[in-house]
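Everything below concerns the one structure shown next.
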Amino acid sequence: MSPILYMVIPCFNEAVVLDETSDRLKKKYETLIQNGKISPKSRIVYVNDGSNDQTWEKILEKHNASHLFSGINLTRNRGHQNALLAGLMTVKNLADCVISMDADLQDDIDAIDAMLEQYNDGFDVVYGVRDNRETDTFFKRNTARLFYKVMKILGSQSVPNHADYRLLSARALDGLEQFQEVNLFLRGMVPMIGYPSATVYYKRGKRFAGESKYPLKKMMSFAIDGITSTSATPMRMIFWTGLAVFVLSVLTGIYVLISHSIQGRTVLGWSSTMVAIIAFGGLNLLAIGIIGEYIGKIFLEVKQRPRYIISDFITDDGTEKKK
Ligand code: UDP
Ligand code: MG
């Protein structure tokens, strides 16, 4: 039997892209349904992440035009990762498999066929990996590459260089549900689920309308979150640095003692003292900063606040339900 495929698409101020995205996805779905690749019960679900433009109205309009489209409305902006999780958890019991994707069609929707093939071959997780990012800026491409390199060095598990374009089976979603962390970094969490996974390569396109919702500042905090919520290695590095500095200071102490008592030399100079004070002052602050980052994460985790609150979920018969 052909699987019920749901797509989950987080949208933050994406009113200008939804017409085009919906048109293309509808065509894709119609072909897939016609060819018996997916069940007619398959749906496309937009998650409105507290947009302050006409995104939610647009989603309702899409649903009224075709019940292929459904929508989830969050009470406020919670960020890409939370919006995505809200969508995944809401459709979890309705679908056989779910593909998550961005609203701006940067991810090639023709890769859906290949993802479905892998799903039919028994893979529970199928990563969409960008094999070409010519359309992203030089800066974005290279900072992203650097980030994944750092992740690889620091992480206990590898994070594939992919955006959140991936297929998850129903049981993989059940697995994901058990991860109750508040600091979400899905790219780092999904490999931890552990079911068989496969990779599909695709070309990353340009955002065809609207602006990126990830300016430099957001990108940097996403990177720091990514590292500190998947790996404790930076703290371990502080320990090793501290140890190295301690050994160095013992050696220096011995040297100073010897030069003072045997060779009769006194204080060597002002510059070396200053350099040491500045260097270790900086190192201390950096170390405190890294520890602070983790304590901040613990703080957020222990509060156990909800990761999202859903105000509306459009069901198939056209009614809006409070969940
Ligand atoms: N997004 C969201 N909430 C946010 C920021 C972004 O739901 O607070 C969505 C956005 O609408 C898009 C996806 O996350 O569908 C990826 O964002 P974007 O395309 O702006 O990121 P980029 O491709 O530039 O990294
Ligand atoms: Mg984009």
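Values quoted throughout were computed directly from the atomic coordinates according to the rules given, and no laboratory measurement underlies them. Since the model is a prediction, treat every value here as computed from it, not as a measurement. Please note: Cβ atoms are built from the backbone with ideal geometry, for glycine as well, and neighbour counts cover all protein chains shown.
What ranking of Y195, Y6 emerges when the number of other C-beta atoms within 10 Å of each C-beta is taken as an exposure proxy, fewest first? Write down the numbers at each step before the final one.
Details: Y195 14, Y6 25.
By the 10 Å Cβ count, ascending, the order reads Y195, Y6.
Modelled spin-label separation between A232 and Q54, with each label point placed 7 Å from Cα along the Cα-to-Cβ direction: 5.1 nm. If you take the Cα centroid of the range 11-51 and the Cα centroid of the range 170-199, the two points sit 23 Å apart.
Comparing I227, T315, A95 along the charge dipole axis of the chain, the residue lying farthest to the positive side is I227, per the Cβ-charge model. Taken over the range 233-303, the percentage of Cα pairs per 5 Å bin, counting from 0 up to the bin with the maximum distance, is 4, 13, 16, 19, 13, 11, 9, 6, 4, 3, 2, 1, 0.
Let me have the 222 nm mean residue ellipticity of the chain computed from DSSP H runs of 4+ only, each contributing -39500 (n - 2.57), with the sum over all residues rounded to the nearest 500.
Working: 10 runs with 164 residues, N = 323.
Helix-only estimate at 222 nm: -17000 deg cm²/dmol.
Pulled fully out, how much extra length does the chain show between K297 and D316, if you take 0.36 nm times their separation in residues and subtract their Cα-Cα distance? Please report the intermediate quantities before stating the final value.
On the way: separation 19, 0.36 × 19 = 6.84 nm, distance 3.85 nm.
Working it through step by step, the gained length comes to 3.0 nm.
As a size descriptor, the averaged projected area of the C-alpha convex hull of the chain was calculated at 20.4 nm².
Counting Lys +1, Arg +1, Asp -1, Glu -1, what net charge surrounds I227 among other residues with beta carbon under 14 Å of its beta carbon? Don't jump to the answer; show the numbers that get you there.
Values: positive: K149, K152, R187, R236, K297; negative: D225, E293.
Charge balance near I227 sits at +3.
Taking every DSSP bridge with both residues inside the chain, close to 35 percent are antiparallel.
Quick test of the membrane-span-like rule: which DSSP H helices of the chain reach at least 27 Å along their long axis (C-alpha atoms) with mean Kyte hydropathy at least 0.0?
Numbers: long enough: 15-34 (29 Å, -0.56); 233-261 (42 Å, 1.38); 270-303 (49 Å, 1.27).
What comes out of the filter, once short or polar helices are dropped, is 233-261, 270-303.
Residues whose amide H comes within less than 5 Å of that of V129, counting only those at least five positions distant or on another chain, are V200, Y201, Y202 (H built at 1.01 Å from N in the peptide plane). Around the Cα centre of the range 184-257, unit charges on the Cβ atoms of Lys, Arg, Asp and Glu (plus for the first two, minus for the last two) sum to a dipole of about 520 debye. For the listed residue pairs K41/K62; K140/K218; K37/K206; K37/K58; K92/K206, the alpha carbons are over 21 angstrom apart in K37/K206; K37/K58; K92/K206. Taking amide H positions as modeled 1.01 Å from N, with prolines and chain starts lacking one, the residues under 5 Å from S39 and 5 or more places away or on another chain are I4, L5.
In the range 163-256, what GluC sites (Glu not before Pro) fall in a loop by DSSP, with at most 15 other Cβ atoms inside 10 Å? Passing sites in the range 163-256 are E181, E211. Each residue of the range 66-78 was assigned a 3J(HN,Hα) from its phi angle through the Karplus expression (A = 6.51, B = -1.76, C = 1.60, θ = phi - 60°), giving 7, 6, 4, 9, 9, x, 10, 10, 8, 5, 7, 6, 10 Hz with x at Gly and Pro. The amide H of S70, built 1.01 Å from its N in the peptide plane, has I44, V45, Y46 as neighbours under 5 Å, considering only residues 5 or more places off or on other chains.
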